[in-house]
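Visitor: My questions will all concern the structure given below.
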Amino acid sequence: MRDAQPQAIFLKDYQQPAYWIERTELTFELQAEFTLVTSQLQLTRNDDVAQDGSLTLHGQELELLSVVIDGVEQSGDQYQLDDESLTLQGLAENPVVTIKTRIYPHKNTALEGLYQSGSMYCTQCEAEGFRRITYYLDRPDVMSVFTTHIIADAGQYPVLLSNGNLIAEQTLANGTKQVSWNDPHKKPAYLFALVAGDLQVKEDTFTTMSGREVALKIFVEPQNIDKTDYALDALKRSMKWDEESYGREYDLDIFMIVAVDDFNMGAMENKGLNIFNSSCVLANPATATDAAYQRIEAIVAHEYFHNWSGNRVTCRDWFQLSLKEGFTVFRDACFSADMNSATVKRIEDARIMRTVQFAEDAGPMAHPVQPDSFIEISNFYTVTIYEKGAEVVGMQRKILGDDGFRKGSDLYFDRHDGQAVTIYDFTQAMEDANGVDLTLFKRWYKQAGTPVVSVSSEYDADKQQLSLTLKQRCPDTPGQTDKQPMWIPVQFGLLNSRGQDLPVAVEPASAWTQASQVLHLTEAEQTFVFSNVAEQPVVSLFRDFSAPVKVEFDQSRDELLFLLQHDSDGFNRWDAGQRLMLQWINDAMSGNFVLDSAAEQVLRSLLRDEELDPAMVAYLLTLPSESYIAEFSAVIDPQAIYHARKQVRQTLAQALSADFKAVYQRLSNSATYAPEPRQMSARALKNLALSYWVLTDNEGLQQAQQQYQQADNMTDQMAAFVTLINSSDADLSEEYLQRFYQQWQGDVLVVNQWLAAQAGSSQLASAKFISTLLQHDAFDWRNPNKVRSVIGAFANQALCHFHAEDGSGYRLLADAVIRLNGSNPQIAARLLAPLTKWKRVIPQQGAQMKAELERIMAESDLSKDVYEVVSKSLV
Ligand code: TRP
Ligand code: ZN
């Protein structure tokens, strides 16, 4: 236990700072053992708040060397210093404060602030990392113009980068190089960045809509220079898309991306100098899968889009995090939908919401999209802030229509350019641009938990009327009870017996938007009456996943099968199939699953349908994952889920064996690999077919080996590899584990995929197997990607082993958390998530999970990060 318990901070306590920082001039002297940072701040008093002439700056893990105020060096009794702050006294109205600190980047394992990754230096300042560089007002409402000077050994660090434009560069006689950068745009400190290294650069240009030429540069370690093309291409497409879809143009003459191997998250949108986890930017066909290419496209876009939704208009405080993250995820999702298949993208997003976000919303860390308190902000970079936040933006577009939404976003950007604002400034712009009142809708930002909508329908043949009654409720979440009804947009259709959409009129007309086919559910209970319904229809609700809710609607298996075949909404075809498959899996759990011939026929017809997008077919034929099934279970029995799913999978493989083989053969081709939508889609179905084929037929396994050997790209090689190592033939599995490593041991990113494939395998990954893997040369506790590849894949994917009856899986995770708590608290806290679900798991397992949480809680020196997650989970 800690000596003093960390304190929560509250949104309701927000106050403006006593001073603003107009200008920030930083000098970094990078030396072998330490870095000297000199910071000169031009302050102006903020007369909107009460003053006592003092100012408290944030600072952590800093060695203070000197403080000078308006030219006068301060003695130790003129300021107060503690572990987290420096308080200055007697400040004038416009003081200049110069602070010198010494920091130790090579000892920085938390990867916040300035640290070393491989041979380079880099920074990560969001959310509160800048305070590990120098004493500062490290809060996003303090926006300053930054000038940065970097001095370093010219031989070791020829490339020295910071935000904005390069304004001076010289090599000094003593072999050091000095460069200066100036960023003319005011920004909060969390967007500051610095990079130093011996890097190579890939360059291109982009001409903006007003005809300005922007230099684009991607900096990487020399061995990675052949992995930059795709990110550069994705960047140019993103820049163009933001101009066309939002009218937003880039605002500096240079845009840089740097790839680093040690990084806590995916990437960071530092102004003009995005820093990326190398796994989210580097790719070539031989080493990156299609999934990796799509992730890169989405993340490059995401960080680029932040230039407007995040940087030009930023957050007033961290309770507003979803203002930038939810909106930017929404923007990158629309971009990905436009670049690839919109339906497939929607399915992928709904899967994340239903597995990860719904679970978070039902657990001890549940929080609103705008939280009202936190202990450690790093713990709030969550699926709720990001993905649910994006859904909440998406619902506003469903309600306002595409044009209305665009008017709202235009007003938002114009009105708040250069400001640090709140989530309600966003909704206000939407309201003002459209003349609507979103008061009710804003409950989505304040109330945590996943609403449940239950539906009943009644058809009156005489009146040709259908009545739908929708009721909503929202479960209690930590600190929140008795929730009020939300404004839930329900996109719908009614199918006639031939599977066509019926034209309908709805009463009350005020609760219906005809153009977008949306019903507005705003009360606890509402009945919608559809007239002119000539025959009993099949109802299709929540098309396109129009709201992030759980739905209770008893539709028969025949109806679900009908929707799977005929719904004009691709998302609901998939959803109907998943609902059906969940029923099969439940049948299997109670020991009476049979695949009926009607269902078998429909699945077969889907496999044979060459008109359908193959990636779509692949999703239609994919069973819900174990974590998806868990989320739809009242009590989670991991072993039962694993075995039931396996049985249904084996049954489908058997029934459709010939078709899987035929599909595999139809989609195998010798075209040169390209990461483009049509090819990726075909490969997705081909490799899905292979994964079924190998379950029933030795020929399938032969084919997998052949594919492994002949593949000219990682997508096909990895797909074959995964089927081979998961085969029931242990020798074959071992052989390919070795072969793959032999081939790829020189490529870090591929080795990480190799680690993840085995650590996430239900076939292989017992706790004992994982312990051995942790000893492998390829593993390194200091590298977050490797920790995620092994511990993360184990605890989130190999569920039958993580939930081993003897508790060995839980113990392994808790040991990892305790170990990482000291070196990298952000990663330690993130890894914890699977243990926090203990209350929902069958009691004999749940009790062991809880015991491991208690063991962590008893540790001394718990970081705030881990303390917050564990203490909230044990309530
Ligand atoms: N703003 C980043 C993004 O979503 C998130 C991020 C990157 C981050 N690195 C981080 C958040 C480190 C917390 C800590 O694009
Ligand atoms: Zn982001």
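Visitor: Out of Ile275, Ile299, report the one residue that is within 13 Å of ligand 1 (Cβ to nearest atom), open to solvent by 10 Å² or more (accessible area, probe 1.4 Å) and either on the phi < 0 side of the Ramachandran plot or without any contact (Cβ under 8 Å) to a residue 12 or more places away in the chain (or both).
Guide: Only one candidate passes the filter, namely Ile299.
Visitor: Taking the range 240-272 only, how many residues are of a type outside the set (D, E, K, R) and more than 15 Å from ligand 2 (Cβ to nearest atom)?
Guide: Going through the range 240-272 one residue at a time, the tally reaches 13.
Visitor: So Ala704 clears everything in (1) open to solvent by less than 30 Å² (accessible area, probe 1.4 Å); (2) touching a residue at least 40 places away in the same chain (Cβ under 8 Å) except one condition, right? Which one?
Guide: If we test Ala704 against (1) open to solvent by less than 30 Å² (accessible area, probe 1.4 Å); (2) touching a residue at least 40 places away in the same chain (Cβ under 8 Å), just (2) comes out false.
Visitor: So which residues in the range 111-138 are closer than 20 Å to Gly272 by Cα, open to solvent by 10 Å² or more (accessible area, probe 1.4 Å) and touching a helix residue (DSSP H, G or I) at 6+ places or on another chain (Cβ under 8 Å)?
Guide: Answer for the range 111-138, where residues must be closer than 20 Å to Gly272 by Cα, open to solvent by 10 Å² or more (accessible area, probe 1.4 Å) and touching a helix residue (DSSP H, G or I) at 6+ places or on another chain (Cβ under 8 Å): Glu112, Glu126, Glu128.
Visitor: Among the strands (runs of 3 or more DSSP E) confined wholly to the range 490-549, which include 3 or more residues that are on the phi > 0 side of the Ramachandran plot and among the charged types (D, E, K, R)? Reasoning before the result, please.
Guide: Numbers: elements: 505-507, 518-521, 525-531, 538-541.
Per the criteria, no element qualifies.
Visitor: Separate question: If we keep just the residues of the range 265-323 that are part of a strand (DSSP E or B) and among the small types (Gly, Ala, Ser), which is nearest to Tyr121 (Cα to Cα)?
Guide: Of everything passing the filter in the range 265-323, Ala267 is nearest to Tyr121 (Cα to Cα).
Visitor: Output the residues belonging to the range 557-582 that are touching a residue at least 24 places away in the same chain (Cβ under 8 Å), open to solvent by less than 60 Å² (accessible area, probe 1.4 Å) and of a type outside the set (A, V, I, L, M).
Guide: If the condition is that a residue be touching a residue at least 24 places away in the same chain (Cβ under 8 Å), open to solvent by less than 60 Å² (accessible area, probe 1.4 Å) and of a type outside the set (A, V, I, L, M), then Phe562, Asp567, Asp569, Gly570, Phe571, Asn572, Arg573, Trp574, Asp575, Gly577, Gln578 are the ones that fit.
Visitor: Let me ask another. Only residues that are open to solvent by 10 Å² or more (accessible area, probe 1.4 Å) and among the aromatic types (Phe, Trp, Tyr): list them for the range 302-318, please.
Guide: Selection gives Trp308, Trp318.
Visitor: Working only within the range 726-756, note down all residues that are open to solvent by less than 20 Å² (accessible area, probe 1.4 Å) and assigned by TED's automatic domain parsing to the domain that holds Gly807.
Guide: Passing the criteria: Val750, Val751, Asn752, Trp754, Leu755.
Visitor: Every residue in the range 322-350 that is within 9 Å of ligand 2 (Cβ to nearest atom) and open to solvent by less than 10 Å² (accessible area, probe 1.4 Å), please.
Guide: Applying the first criterion (within 9 Å of ligand 2 (Cβ to nearest atom)) to the range 322-350 yields 324-325, 328-329, 332.
Correct list: Lys324, Glu325, Thr328.
Visitor: What number of residues in the range 282-295 are farther than 17 Å from Ser789 by Cα and either within 16 Å of ligand 2 (Cβ to nearest atom) or of a type in the set (Asp, Glu) (or both)?
Guide: Residues flagged as farther than 17 Å from Ser789 by Cα and either within 16 Å of ligand 2 (Cβ to nearest atom) or of a type in the set (Asp, Glu) (or both) within the range 282-295 amount to 1.
One line per residue, one yes/no per condition, for (1) assigned by TED's automatic domain parsing to the domain that holds Val538; (2) of a type in the set (A, V, I, L, M); (3) surrounded by 14 or more Cβ atoms within 10 Å (Cβ to Cβ):
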| site | (1), (2), (3) |
| --- | --- |
| Tyr424 | no, no, yes |
| Thr439 | no, no, no |
| Lys442 | no, no, yes |
| Ser456 | yes, no, no |
| Tyr459 | yes, no, yes |
| Ser467 | yes, no, yes |
| Leu470 | yes, yes, yes |
| Asp501 | yes, no, yes |
| Val506 | yes, yes, yes |
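Visitor: Picking from Gln156, Gln170, which residue would you name as being of a type outside the set (A, V, I, L, M, F, W, C) and outside any strand (DSSP E or B)?
Guide: The match here is Gln156.
Visitor: Among the residues that make up the range 162-181, is at least one of them open to solvent by 10 Å² or more (accessible area, probe 1.4 Å) and within 16 Å of ligand 1 (Cβ to nearest atom)?
Guide: no
Visitor: Is it the case that the range 217-234 has a residue that's outside the structural domain of Arg788 (by TED's automatic domain parsing), within 16 Å of ligand 2 (Cβ to nearest atom) and either open to solvent by less than 10 Å² (accessible area, probe 1.4 Å) or in contact (Cβ under 8 Å) with a residue 24 or more places away in the chain (or both)?
Guide: Yes, that holds for at least one residue.
The values are calculated or read from the model by the stated rules, or taken from the named source; none is laboratory data. Here the structure is a predicted model, which means the values were calculated and not measured. Quick reminder, even Gly has a Cβ in these numbers, built from the backbone with ideal geometry, and neighbours come from all protein chains shown. Ligands, DNA and RNA are excluded from the accessible area calculation, which covers all protein heavy atoms including side chains. Shrake-Rupley method; radii C 1.70, N 1.55, O 1.52, S 1.80 Å.
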